[in-house]
Each structure stands twice: as C-alpha cells, then as structure tokens.
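Asker: Before I ask anything, let me first share the structure, which is written out below as structure tokens.
The values are calculated or read from the model by the stated rules, or taken from the named source; none is laboratory data. Source: prediction; values computed, not measured. Glycine gets a Cβ as well: all are built from the backbone with ideal geometry, and neighbour counts include every protein chain shown. Each accessible area value is taken on the protein alone, full model and side chains, heavy atoms only, with ligands, DNA and RNA left out. Shrake-Rupley method; radii C 1.70, N 1.55, O 1.52, S 1.80 Å.
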Amino acid sequence: MAVETREEDAIRGVVERLTSAYDKTCTPVQVEAAVATAHAAFDERPVRDFVPVLVERKARALLNEASS
C-alpha cells in the first residue's frame, strides 16, 4: 500500500472520529474544513508517518476554538 493511500485512509478516520466527537457542537462540514486546514499545514513535511496524529491534534484545537 502506498504511503499516500495509508495517509488518506488515516485522514478519513480522523474526519470520522472528529465528526462523531463534535456532533453536538460542529457540523460535519466544519469538521472536514478543520481537518483540511490542519492537513494543509503539513503539506511540505517530508516525514509523513505522524501526519495523521498531528492533523487530529491540530483539528481538535481548531474545533475547540470554534466551539467556545
């Protein structure tokens, strides 16, 4: 399996987890936008192994900020 495919699968998992976790405070569109914003922040990083974890943390921070 290619690195891009694994990362894409992991990012889809992040969207699913965050959509479920923030279903009371954010719309799925807001979650997807937060994940896309967080993911874009790591576009130029050469090491991709931890990108999904870092994206989830950054997206959670963005969603927490938006819902407060």
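Asker: For the chain, what is the calculated [θ] at 222 nm in deg cm²/dmol (nearest 500), taking -39500 (n - 2.57) for each run of four or more DSSP H residues and dividing by its residue count?
Answerer: -24000 deg cm²/dmol
Asker: Can you pull out the GluC sites (Glu not before Pro) in the chain whose DSSP state is coil and whose Cβ has at most 14 other Cβ atoms within 10 Å?
Answerer: Counting only loop positions with at most 14 other Cβ atoms within 10 Å, the GluC sites (Glu not before Pro) in the chain are 44.
Asker: Another question, then. On a 0 to 90° scale, report how tilted helix 3-21 is relative to the longest principal axis of the chain, with both axes built from alpha carbons and the result rounded to the nearest 10.
Answerer: 10 degrees
Asker: Which value, in Å², gives the accessible area per residue of the chain when a 1.4 Å probe is used on the protein heavy atoms?
Answerer: Details: 4700 Å² over 68 residues.
Value for the chain: 69 Å² per residue.
Asker: Still on this structure, I have one more. Please report the net charge: other residues with Cβ closer than 13 Å to the Cβ of residue 50, K and R +1, D and E -1. Could the numbers behind the result be given before it?
Answerer: Details: positive: 6, 45, 48, 57, 58; negative: 7, 49, 56.
Net of charged neighbours comes to +2.
Asker: Let me ask another. Helix 51-67 sits at what angle to the longest principal axis of the chain, using alpha carbons and giving 0 to 90 degrees rounded to 10?
Answerer: 20 degrees
Asker: Right, something else. Can you give the angle from 0 to 90° between the axis of helix 28-40 and the longest principal axis of the chain, with both taken from C-alpha atoms, to the nearest 10?
Answerer: So the helix axis and the longest Cα principal axis differ by about 40 degrees.
Asker: Keeping all protein chains in the complex and leaving out DNA, RNA and ligands, what accessible area do you get for residue 45 with a 1.4 Å probe, in Å² to the nearest 10?
Answerer: Counting only protein heavy atoms, the figure is 140 Å².
Asker: Of the heavy-atom accessible surface of the chain (probe 1.4 angstrom), what whole percent is carbon and sulfur?
Answerer: Carbon and sulfur atoms account for 55 percent of the accessible area of the chain.
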